[in-house]
Every structure is written in structure tokens, then in C-alpha cells.
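Rule-based calculations on the coordinates, nothing more; no lab input. Because the structure is predicted, anything quoted here is derived from the model rather than measured. Reconstructed Cβ throughout: ideal geometry from the backbone, glycine too, with neighbour counts over all protein chains shown.
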Amino acid sequence: MTDDGSPAGGAPRRRPLATGEKSTIVYGILGVLLVLLVAQLWLLTATTNAWLGGDDSVVLPAAVASLACLGLNVGLLLYLFRLE
């Protein structure tokens, strides 16, 4: 241990986040999550409309975009769990 409480050769320890800081981060994550949710619902609606209209070319790109939205949501959830 060094004088500042960090392990030898390591980065200094971060102080715990205050409740106000945590709530700001959580509200930011919820805002991004809401935008991603609306985008995913719009994507589902547009893809379903195109597919029912006979256009099969949009299904695969829409599935990839939806999986990207899922990945972002899972990443935000994992970040939220690590927030302490």
C-alpha cells in the first residue's frame, strides 16, 4: 500500500459516488434507454410493415440493428449493476 491508499503500482482508489451523483447517472441511463426503446419499437413497426408489404430485404438489417440495441441495453444494465 502507498500513502494515498492505493495498491502498490496501481491506480489510486476512487471515492464512492454520492447519492446525488448516482441518481444523475441513473436518470441519464434511463433517458438513453427510453430513446433506444422507442427506436426499437419504431424499427419493429417499420420492418413489420415492409415485410407484410412484400419487401423481404429489410428483415436482416433490421434484425442486426435490433440486436445492436439489445447489446447497448445490456451494456447499460451491466454498467448500472457495477455502479455500486
Placing +1 at every Lys and Arg Cβ and -1 at every Asp and Glu Cβ, with all other atoms neutral, what dipole size does the stretch 8-84 have around its Cα centre, in debye to the nearest 20?
600
Starting at the first residue of the stretch 31-42, write each ³J(HN,Hα) from the Karplus equation 6.51 cos²θ - 1.76 cosθ + 1.60 with θ = phi - 60°, in whole Hz, x for Gly and Pro.
x, 5, 4, 5, 5, 5, 5, 5, 5, 5, 5, 5
Given backbone amide H placed at 1.01 Å from N, residues whose amide H is under 5 Å from that of residue 17, ignoring those fewer than 5 places away on the same chain, are none
With semi-axes √(5λ) of the Cα gyration tensor in Å as the read-out, I listed [x] 43, 15, 6; [y] 38, 28, 14; [z] 28, 17, 11; which label goes with the value calculated from this structure?
[x]
Checked against the positive end of the charge dipole of the chain (+1 on Cβ of Lys and Arg, -1 on Cβ of Asp and Glu, about the Cα centre), the farthest of 49, 70, 59 is 70
Only residues of the stretch 45-84 count here: report those whose backbone N is under 20 Å from the spot 7 Å along Cα→Cβ of residue 32, or say none.
65-84
Karplus 3J(HN,Hα) series, Hz, for the stretch 60-65 with 6.51 cos²θ - 1.76 cosθ + 1.60 (x for Gly, Pro)
5, x, 5, 5, 5, 5
